[in-house]
Amino acid sequence: RIAAVMDVDGARRGEAEREFGCRGYERFEDLLADPEVDAVVVASPNRYHTDHAVAALEAGKHVIVEKPVALSATETDRMIAAAAK
């Protein structure tokens, strides 16, 4: 089930809240603090994938990242290291 969504655009966030019956967050940090969120699907612009994935992993969430996973092998290694912790 979808527990929450995050979008800086209030209209899109509200649409997702209504469609999925979930909470909506404007800030990624608030979504990560939600104890009902077990997993995060990172579907942000590609340049944010690494930071969002690492933050979610550090918050103890399971993470799925849409393609491309990262913009470089170094960023991918950073995600792998965070997941290994």
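Tabulated values for the structure
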| read-out | value |
| --- | --- |
| Residue check for residue 69: β-branched (Val, Ile, Thr) and without any contact (Cβ under 8 Å) to a residue 24 or more places away in the chain | yes |
| Residues (under 12 Å from the mean Cα position of the chain (by Cα), surrounded by 15 or more Cβ atoms within 10 Å (Cβ to Cβ) and among the aliphatic types (A, V, I, L, M)) located in the range 50-85 | 53, 54, 55, 56, 57, 59, 63, 65 |
| The lone exception for residue 21 - which of (1) at pLDDT 95 or above; (2) at negative phi it fails | (2) |
| Residue in the range 61-80 that is of a type in the set (Asp, Glu), part of a helix (DSSP H, G or I) and out of contact with any Phe, Trp or Tyr (no Cβ under 7 Å at 6 or more places or on another chain) present | yes |
| The one condition in (1) part of a loop (DSSP other than H, G, I, E, B); (2) small (Gly, Ala, Ser); (3) closer than 17 Å to residue 6 by Cα that residue 56 fails to fulfil | (1) |
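The values are calculated or read from the model by the stated rules, or taken from the named source; none is laboratory data. Note that the structure is a prediction, hence the values are computed from the model and not measured. Here the Cβ is made from the backbone with ideal geometry for all residues, glycine too, and neighbour counts use every protein chain on show.
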